[in-house]
Amino acid sequence: MLSSSQIWKEFFETYYRDELNRLADAIEFGGNKSLYVDYLRDLSIFMEGRLGEELLEKPDVVIAHANEGLALTENIYDVSLEGCYVRFYNLPTSKRILIRNLRSEHISKFVAVEGIVRKVTEVRPRVVKAAFSCTKCGKVVEVIQDDEATLKQPYECPACKNKRFIFLPDESLSIDSQRIRIQEYPENLRGGEQPQQIDVILEGDLTGKVNPGDRVIVNGIIRAKPRKLGSRQLQHMDIHIEGNSIEILQQEYEEFEITEEDKKRILKLAEDENLFEKIVASIAPSIYGHEDIKLAIALQLFGGVPKKLPDGIEIRGDIHVLLVGDPGVAKSQILKYVHRIAPRSVYTTGKGTTTAGLTATATRDEFDGRWTLEAGALVLADKGIALVDEIDKMRNEDRSALHEAMEQQTVSVAKAGINAVLRARCALLGAANPKYGRFDKYTPIAEQIDLSPTLLSRFDLIFVLTDDPDEVRDRKLAEHILRAHEIGEKLEKLRNITSVEYTREDLDRESEQAKIIPAIDPELLRKYIAYAKKTVFPVLSEEAKNRIIDFYISLRSRAKDNSAVPVTARQLEALIRLAEASARLRLSDVVSVEDVDRVIKIVKKSLEQIAVDPETGEIDIDYAFTGTSKSQRDRILILKRIIEELESNYSKGAPEEEILRAAQEEGIDEVKARDLLRKMREMGDIYSPREGYYKLAVK
């Protein structure tokens, strides 16, 4: 075997002279005691890479030699490096192993495993050398501990053979310990695969460095331990990683390998004059129509530019979109397709989602009883997109967790002494069904999907998908669906029967003509999005700024003489984000007037669907988010005044017929007045002490 303490001393003094001096300087001031060795840069070339190969095959012996060799080295401060650790990082990509591919052959080998941190325990001391005092003669006996959860005691006192001892924590040697759980990247899963997980034991200065949601490479030794059933040990074993080093990856798109060939294809695609049409045609092509919604989703995938202002305030760049509509209009299908093409995404449904599963939670660890911090879907989707189907089916207390995640893009946990803020920088694409089955154009959206106004207002775009009979459109839709089914049937036949009258190429041509295959290959589109988000950061041109201001002012100027407020600053920010996304989609560093005009159309379309007061025909943002339009608010105030005046004349409350008569004199017809009285009762503004009488609620 080549490895020895002297060989490692030679290696450190050849390649790591400056690092040795920095380590000695840090130890002088109580700093960390680790020396990091770059495997790929240095160890793979030293002694023709033989020492590196030995590390991978026999890590226990080699790491012990490396630590001994480190203690033998000299430094300019003449500080002893005894007790320092050598940590190895930057292993070759070929040595990175997927969690699902770990096998018995990897046990006791040095490997690199990449994943996303799912769970983190609190940092606590672990006894590595326990001191015990004999209860009879007082002799102190030391016992080296293994990584079992229980404390190992001496069998008997070497002096008096007594078997009873007292543990001495002050005289025992402890080390900081933490257990984390990493999980495979959600974007690397295919079909119905479940993400695989593995526990990692971190000790010493490795502890306390990672949070749930971080993407990491863990370098360490695979350990195996027999499972237990009571006191019996089973044949099957559990594996975990004994961490030697941990690399926290930047939360970007490095995991997407974009070759020079890919880059050429991406840049060529960006020059296509029909780029927007092609990208729209590549989002759920088997679903007929909905071009505006598909364009909005395309912009959401690219996203705006996140900003940190000089005063420290952060403005999100992620775009949130909500789809509301009748059953059977393919909302879930759209979400599932986006899950397939987004470079990073997590899919969940509101019905089976709790606050913990959606955001994050603190739970007690089943292994040693420590409290652990566990990431939910929005934290796992950091720097990607979270897809929440049936968002209306979530419980109110679970939906409330979305408020902070959508606007501040963080998730705060305060439980069991754990106070943590996790990052959730993700776009949210939600789908909701109306309460009563079908969407009613004459009822505010807020009343139909049971989402609070504060949550609704956080969505940049809300689209309504209705299933309205239309002979021409219905015929085209039916033909599209039948064509898709026919091609699907032929494909299935081709897979199962060899002698058929058509080829795969024939079916591909048919699919292209029927427009049920994406205009852009999904893999290229994923790389295009990743490339754009990583390299393009557009800035608003003066013309684009002026166009946005003109549009905003033109809408706001309608709100004169105490009339309805059409849009607020929140919609202005949404417009900016969408315009940046449009420029990013073109791989342009400048937001142009064309980008602004493109997104103004989408914003107008969204507002016209959800925010038009059916009585006045005017856009009223309050009508969309609160369910109460300006005209309704005015009438509610009139009714409150009428009830207040009548209450002073009637001890049992204001009679309904008197309220309706007075309301009619104020220009409110009986049907609207009755409807508003019902609404005021539901909102708690008034109550009925007895049938047919009303009183104002005291607030």
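The values are calculated or read from the model by the stated rules, or taken from the named source; none is laboratory data. Remember, predicted model here, so these are calculated numbers, not experimental data. With ideal geometry, Cβ positions are generated from the backbone for all residues, glycine too; neighbour counts draw on all protein chains shown.
Okay, here's what the table says:
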item	result
Condition met for Lys393 (over 26 Å from Thr207 (Cβ atoms), of a type in the set (Lys, Arg) and modelled with pLDDT under 80)	yes
Qualifying helices (runs of 4 or more DSSP H) (wholly inside region 498-596; at least 2 residues being at pLDDT 75 or above, of a type in the set (Asp, Glu) and surrounded by fewer than 21 Cβ atoms within 10 Å (Cβ to Cβ))	542-556
Condition check for Asp382: closer than 21 Å to Gln300 by Cα, buried (at least 20 other Cβ atoms within 10 Å of the Cβ) and touching a residue at least 60 places away in the same chain (Cβ under 8 Å)	yes
Residue within region 137-145 that is of a type in the set (A, V, I, L, M, F, W, C), in a strand (DSSP E or B) and touching a residue at least 24 places away in the same chain (Cβ under 8 Å) present	yes
Those residues of region 55-81 which are without any contact (Cβ under 8 Å) to a residue 60 or more places away in the chain and more than 27 Å from Asn21 (Cβ to Cβ), in sequence order	Leu56, Glu57, Lys58
Among the residues listed as Val143, Val113, Val123, the single one being surrounded by 13 or more Cβ atoms within 10 Å (Cβ to Cβ), within 19 Å of Thr207 (Cα to Cα) and at pLDDT 90 or above	Val113
Residues within region 437-486 that are assigned to a helix (DSSP H, G or I) and basic (Lys, Arg), tallied	4
Exclusive hit being buried (at least 23 other Cβ atoms within 10 Å of the Cβ), modelled with pLDDT under 80 and in contact with a helix residue (DSSP H, G or I) (Cβ under 8 Å, 6 or more places away or on another chain), set Leu373, Leu358, Leu387	Leu358
Unmet criterion (only one of (1) at pLDDT 70 or above; (2) surrounded by 15 or more Cβ atoms within 10 Å (Cβ to Cβ); (3) not hydroxyl-bearing (Ser, Thr, Tyr)) for Ala478	(2)
Single residue of Asp38, Asp25 found to be over 18 Å from Ser245 (Cα atoms) and touching a residue at least 24 places away in the same chain (Cβ under 8 Å)	Asp25
Hey, Arg87 modelled with pLDDT of 90 or more, part of a helix (DSSP H, G or I) and closer than 30 Å to Arg17 by Cα or not	no
Out of Asn75, Asn67, sole residue that is touching a Cys at 6+ places or on another chain (Cβ under 9 Å) and surrounded by fewer than 22 Cβ atoms within 10 Å (Cβ to Cβ)	Asn67
Meets criteria (outside the structural domain of Ala112 (by TED's automatic domain parsing) and closer than 17 Å to Leu72 by Cα) for Phe11	yes
Pick from region 401-457, criterion of a type in the set (A, V, I, L, M) and out of contact with any helix residue (DSSP H, G or I) (no Cβ under 9 Å at 6 or more places or on another chain), ranking: farthest from Arg577 (Cα to Cα)	Ala416
Hits in region 286-332 - residues which are of a type outside the set (A, V, I, L, M, F, W, C), farther than 25 Å from Phe439 by Cβ and surrounded by 17 or more Cβ atoms within 10 Å (Cβ to Cβ)	Gly303, Gly304, Arg316, Gly317, Asp318
Tabulated pairs, region 210-228, first among the charged types (D, E, K, R), second buried (at least 23 other Cβ atoms within 10 Å of the Cβ) and in a loop (DSSP other than H, G, I, E, B), C-beta under 9 angstrom, 6+ apart or interchain	Asp214/Asp382; Arg215/Asp382
Set Ala375, Ala296, Ala284, Ala360: member being closer than 26 Å to Glu573 by Cα and among the hydrophobic types (A, V, I, L, M, F, W, C)	Ala296
Within region 396-420, considering residues that are small (Gly, Ala, Ser) and not in a strand (DSSP E or B), the one nearest to Asp450 (Cα to Cα)	Ser400
Criterion: without any contact (Cβ under 8 Å) to a residue 12 or more places away in the chain and acidic (Asp, Glu) - qualifying residue of Asp292, Asp326, Asp311	Asp311
